[in-house]
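Enquirer: Quick one: the structure is below, and I'll ask about it shortly.
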Ligand SMILES: [Cu+2]
């Protein structure tokens, strides 16, 4: 039963440490502010895997949004498209960067208008049965970045 108690301890530890969990580390997480009434917002961040095993993010949700999807922006036949992803894979001892024109979180139907300085809690479920909560700031940004946040720009 030694394994069990260690994983219990680990999950206690995880629940108090949003940013450094001993498995995934989140850097520079931000959600660009969108105009009032915008139906979607985007989440960007750098996710590092500090373990020697690949880790997948298998779902993301937030109380502040109706739905959170994992997307990849890609040019298909000359058009910028967003392809829904079933998971985001972070390689062992590697990282995945969520940014405009690439992988990102698509935050769908905000419950209200969120503006600069607001804090959004994102809940990640990982392939290793771990859950991580992360507080992410809404950040004011340029109009181009805002368009990108709404998925209306190509690769950048
Ligand atoms: Cu998207």
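Bear in mind that the values in this text are calculations on the coordinates, not laboratory data. Keep in mind that this is a model prediction, so the values were computed, not measured. Don't worry about glycine lacking a Cβ; one is built from the backbone with ideal geometry, like all the others, and counts go over all protein chains shown.
Enquirer: How would you rank 27, 96, going from fewest to most other Cβ atoms within 10 Å of each one's own Cβ?
Expert: Details: 27 11, 96 18.
The fewest-first ordering by Cβ neighbours comes to 27, 96.
Enquirer: I've got another one for you. Would you mind calculating the gained length between residue 113 and residue 46 on full extension (0.36 nm times residue separation, minus the Cα-Cα distance), in nm to one decimal? Walk me through the numbers on the way to the answer.
Expert: Working: separation 67, 0.36 × 67 = 24.12 nm, distance 2.49 nm.
In short, 21.6 nm is gained.
Enquirer: Follow-up question, since we're still on this one. Evaluate E = 1/(1 + (r/R0)^6) for residue 63 and residue 92, where r is the Cβ-Cβ distance and R0 equals 25 Å; express this FRET efficiency to the nearest 0.05. Before the final figure, lay out each step's value.
Expert: Values: r = 31 Å, r/R0 = 1.26.
The pair residue 63/residue 92 has a calculated efficiency of 0.20.
Enquirer: Another one. Please report how far the C-alpha centroid of the stretch 22-38 lies from that of the stretch 82-123, rounded to the nearest whole angstrom.
Expert: Measuring centre to centre over Cα atoms gives 6 Å.
Enquirer: Another question, if that's okay. How far, in nm, would the chain grow between residue 121 and residue 135 when pulled straight, counting 0.36 nm per residue and subtracting the alpha carbon separation? Intermediate values should be presented prior to the final figure.
Expert: Details: separation 14, 0.36 × 14 = 5.04 nm, distance 0.45 nm.
Result: 4.6 nm gained on full extension.
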